[in-house]
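Step one of this worksheet: look at the structure below.
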Amino acid sequence: MKTEPTDTKKDDSLLYHPPKSIMRKANIKEYEQAYAKSIADREGYWAGEAKKLKWFRKWKEVLDDSNKPFYKWFTGGKINIVANAIDRHLETHRRNKLAMIWEGEPGDVKTMSYHALNREVSKFANVLKSMGVKKGEIVTIYMPQIPELPIAMLACAKIGAMHSVVYGGFSVEALAGRISDAHSRVLVTADGGWRRGKITDLKAIANEAMDRSPTIEVCITVKRTGQEVHMENDRDFWYSDLMALPIASPSCETEVTDAEDPLFILFTSGTTGKPKGLVHTHGGYTVYTSTTLRNVFDIKDEDRWWCAADPGWITGHSYLVYGPLINGATIVMYEGAPNHPYPNRWWSMIEKYGVSILYTSPTAIRGLMRFGEQWPKRHDLSSLRLLGSVGEPINPEAWRWYHEVIGRGECPIMDTWWQTETGGMMIAPLPITPLKPGSATKPQFGIEVGVVDENGEDVKAGEEGKLVIKGPWPGMARTIYGDADRYAETYWKEYEEQGWYKAGDSARIDEDGYIWIIGRIDDVIKVSGYRLGTAEVESALVSHPAVSEAAAIALPHEVKGNAIHTYVILKNGLVGDKKLEEELRKHVSDEMGPIARPETVAFLESLPKTRSGKIMRRVLKARAMGVDEGDLSTLED
Ligand code: WTA
């Protein structure tokens, strides 16, 4: 049965009703009352969800708010995420169920049952132990999308070590900075990966980054491509060699960790300075990712779940690796580009593996939409039940294409709003929620959302305001690694009195209570759904010998959502030309990674600044877009 909009007068009232067949079988059958109940007794709600998991010892207190904003969840409880994501399935029918179906870009396929995944994870956990990896230590992982990436993450978690996954598309500077912030002693990488028919130079980049990182003692490299790479004596080991040694025994006890023990850090861009490492924990994160996935995406035992995000970002952590494995699902993972060798690669994989839920970004949808309907039309996509979107606002046109062409007009689109900091989905529909294209709809259970002004007053329906979360939730990041003050300052200071979390986004709530995310209100840029900071792009530019000062802004882009545009002041006497522009764009790409490559570099004599010397990016943006520059009273002459 096709879903039809019930009203086409104005966008806010355009409602798509999920098909009855989906609603009837949904894990959650009713929202309004259950939501009200979860807010009236949040701790009760979260305790109920936590009970569905395997604990070594039950918690004493659900929420400890004695040291705000450093909330603690399930204190006194003993748990390990791996005991939930793997161990407990081994005692059920899931032992022989597929945990993972992986396809490499060249077309090679690997599958792994939960039993096999446990063996690999346990073996690698023993390898890490033999390298002296201890509880609480941070292992940096820099890999392409190959099975060894989730295996390495799970192996760290299993022994109580923390992982810091650095996106495989990042370059030397970004990797070196993150290794040094984490004081990592061990790096896990690969000799390369496949992307658009080419081999990436992962190990060469890792080598250069390690030259700048004195803390590294051991580097373990997976042989993925077989290309020639430089291996340093006494530091570099092949993954396969280590896994063949007797120390890599397939039996390994899962470490008993405290609910509040850190599970990982993940670096993400903020308003100022260097990226910050957000810390997530074993207890709250396990509860939050598994519950939200079950509610929003209705995960069932027979589902084939494909989250097409890279594990190097939070979406990959929460919903490619942990959330689905805790729920005992079969995950699909793919190494390469969506349009390689042809733009039907994804659609052919959906057909081949019978994928029932696809979770991706609006940029990916817009990118594939450009190639036209004929590519998906070649494939039987009838296995799909639900579709998901994350990372940036989805424009109604892409929403409709996704719904109609990919979802045959039947699959509801779960537009999910959340952040690295939130650990999991915060605002998102359930499979029973009537949808409005472009709105992430309503808050998840236990989550109270507000759209407020400077004073914390709710703005009127339809008006823009700051998005806040009213109170803590189990999946929240606990701190910024090594910088607790910055954590308190960035997220909790502005609404300290009320105890609210400031998201850094602006939004509006319509008359039906539907939430519409507008975008970032700070200097974070979302390019193709990837999160970057203007400050990082600027510091990459300034590291070039010709550049004296730089500013970066985001301007709308048809496919990427936003693109980076930059302005530079050159050092004395230098003149900007096309050649230098190209050189600077390449320089940023070499330093940070291709996703940060600026669309344009413009040469200016001066940058608009406040009297205190802060660059007014807002003015640059207004000029570039030809709109009113707004209040200029703080502008220096
Ligand atoms: C943006 C990604 C609109 C938002 C999970 C947020 C979205 C930032 C949506 C976090 C959505 C994420 N609609 N905007 N459905 N989802 N965003 O940390 O600006 O990489 O603050 O986490 O992405 O990005 P992050």
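Conditions (1) surrounded by fewer than 16 Cβ atoms within 10 Å (Cβ to Cβ); (2) among the basic types (Lys, Arg); (3) under 24 Å from TYR167 (Cβ atoms), marked per residue:
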| position | (1), (2), (3) |
| --- | --- |
| ALA554 | no, no, yes |
| ALA563 | no, no, yes |
| TYR567 | no, no, no |
| ASP577 | yes, no, no |
| ARG585 | no, yes, yes |
| GLU591 | no, no, yes |
| ALA602 | yes, no, no |
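Cβ-Cβ distance below 8 Å, separation of 6 or more or different chains: which pairs start in segment 287-304 with a residue that is farther than 23 Å from TRP59 by Cα and end on one that is in a loop (DSSP other than H, G, I, E, B) and of a type in the set (D, E, K, R)?
Listed pairs, sorted by first residue: ASP298/ARG385; ASP301/LYS97; ASP303/ARG385.
How about segment 1-120: which helices (runs of 4 or more DSSP H) wholly inside it have at least 3 residues that are modelled with pLDDT of 95 or more, farther than 30 Å from HIS340 by Cβ and among the hydrophobic types (A, V, I, L, M, F, W, C)?
Output list reads 32-40, 42-50, 81-85.
Checking the conditions here, which among ILE469, ILE509, ILE518 is within 22 Å of ALA624 (Cα to Cα) and either in contact (Cβ under 8 Å) with a residue 40 or more places away in the chain or not aliphatic (A, V, I, L, M) (or both)?
Just a single option satisfies the conditions, and that option is ILE518.
Of all residues in segment 345-366, count the ones that are touching a Lys or Arg at 6+ places or on another chain (Cβ under 7 Å), under 21 Å from ASP298 (Cα atoms) and hydroxyl-bearing (Ser, Thr, Tyr).
So the count comes out to 2.
Which is away from the ligand (no atom under 16 Å from the Cβ) and either within 22 Å of the chain's Cα centre (by Cα) or assigned to a loop (DSSP other than H, G, I, E, B) (or both), of GLY462, GLY438?
GLY462
For every residue, the table says whether it meets (1) in a loop (DSSP other than H, G, I, E, B); (2) surrounded by fewer than 24 Cβ atoms within 10 Å (Cβ to Cβ); (3) free of Cβ contacts under 8 Å to residues at least 60 places away in the same chain.
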residue: PHE124; (1), (2), (3): no, no, no
residue: LEU149; (1), (2), (3): no, no, no
residue: GLY168; (1), (2), (3): yes, no, no
residue: LEU175; (1), (2), (3): no, no, yes
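Within segment 603-622, how many residues are farther than 22 Å from LEU584 by Cα and either among the charged types (D, E, K, R) or in contact with a helix residue (DSSP H, G or I) (Cβ under 7 Å, 6 or more places away or on another chain) (or both)?
4
Six or more apart or on different chains, Cβ under 8 Å: which pairs go from a residue in segment 485-505 that's within 16 Å of the ligand (Cβ to nearest atom) to one that's of a type in the set (A, V, I, L, M, F, W, C) and in a helix (DSSP H, G or I)? Could you list them?
The qualifying pairs are TRP500/TRP492; TYR501/TRP492; LYS502/TRP492.
Could you pull out every one of the helices (runs of 4 or more DSSP H) wholly within segment 238-341 that has 3 or more residues that are within 16 Å of the ligand (Cβ to nearest atom)?
282-296
Enumerate the pairs (first residue in segment 50-72 and free of Cβ contacts under 8 Å to residues at least 24 places away in the same chain; second residue anywhere and among the polar types (S, T, N, Q)) with beta-carbon separation below 7 Å, excluding pairs fewer than 6 apart on the same chain, so at least 6 apart or on different chains.
As it stands, the answer is LYS60/THR75; GLU61/THR75; ASP64/THR75, since those pairs meet every condition given.
When LEU384 is evaluated against the numbered criteria (1) out of contact with any Asp or Glu (no Cβ under 7 Å at 6 or more places or on another chain); (2) within 15 Å of the ligand (Cβ to nearest atom), which criterion, by number, is the only one it fails?
With (1) out of contact with any Asp or Glu (no Cβ under 7 Å at 6 or more places or on another chain); (2) within 15 Å of the ligand (Cβ to nearest atom) applied to LEU384, the lone miss is (2).
Exactly one of (1) hydroxyl-bearing (Ser, Thr, Tyr); (2) under 30 Å from TYR495 (Cα atoms); (3) crowded, with 23+ Cβ neighbours inside 10 Å is unmet by TYR402. Its number?
Of everything listed in (1) hydroxyl-bearing (Ser, Thr, Tyr); (2) under 30 Å from TYR495 (Cα atoms); (3) crowded, with 23+ Cβ neighbours inside 10 Å, TYR402 misses just condition (2).
Quick one: ALA34 ticks every box in (1) over 30 Å from THR225 (Cβ atoms); (2) among the aliphatic types (A, V, I, L, M); (3) in contact with a strand residue (DSSP E or B) (Cβ under 9 Å, 6 or more places away or on another chain) except a single one, so which number is it?
All conditions are met except number (3).
What is the residue count in segment 389-423 for residues that are small (Gly, Ala, Ser), more than 9 Å from the ligand (Cβ to nearest atom), closer than 30 Å to VAL468 by Cβ and touching a residue at least 60 places away in the same chain (Cβ under 8 Å)?
1
List the number of the failed condition for PRO594; all other conditions in (1) under 23 Å from ILE365 (Cβ atoms); (2) within 16 Å of the ligand (Cβ to nearest atom) hold.
Against the list (1) under 23 Å from ILE365 (Cβ atoms); (2) within 16 Å of the ligand (Cβ to nearest atom), PRO594 comes up short only on (2).
With respect to ILE39, is the statement that it is within 28 Å of the chain's Cα centre (by Cα), under 30 Å from THR111 (Cα atoms) and β-branched (Val, Ile, Thr) true?
No: the conditions fail for ILE39.
Would you check if LEU358 is away from the ligand (no atom under 16 Å from the Cβ) and buried (at least 19 other Cβ atoms within 10 Å of the Cβ)?
no
Keeping to segment 509-523, report how many residues are more than 7 Å from the ligand (Cβ to nearest atom) and either under 23 Å from the mean Cα position of the chain (by Cα) or crowded, with 22+ Cβ neighbours inside 10 Å (or both).
Going through segment 509-523 one residue at a time, the tally reaches 8.
Report yes if some residue within segment 526-534 is surrounded by fewer than 16 Cβ atoms within 10 Å (Cβ to Cβ) and either modelled with pLDDT of 95 or more or within 16 Å of the ligand (Cβ to nearest atom) (or both); otherwise report no.
No; the residues of segment 526-534 include none that is surrounded by fewer than 16 Cβ atoms within 10 Å (Cβ to Cβ) and either modelled with pLDDT of 95 or more or within 16 Å of the ligand (Cβ to nearest atom) (or both).
The values are calculated or read from the model by the stated rules, or taken from the named source; none is laboratory data. Values in this document were obtained by computation on a predicted structure and should not be read as measured data. Backbone-built Cβ (ideal geometry, glycine too); neighbour counts: all protein chains shown.
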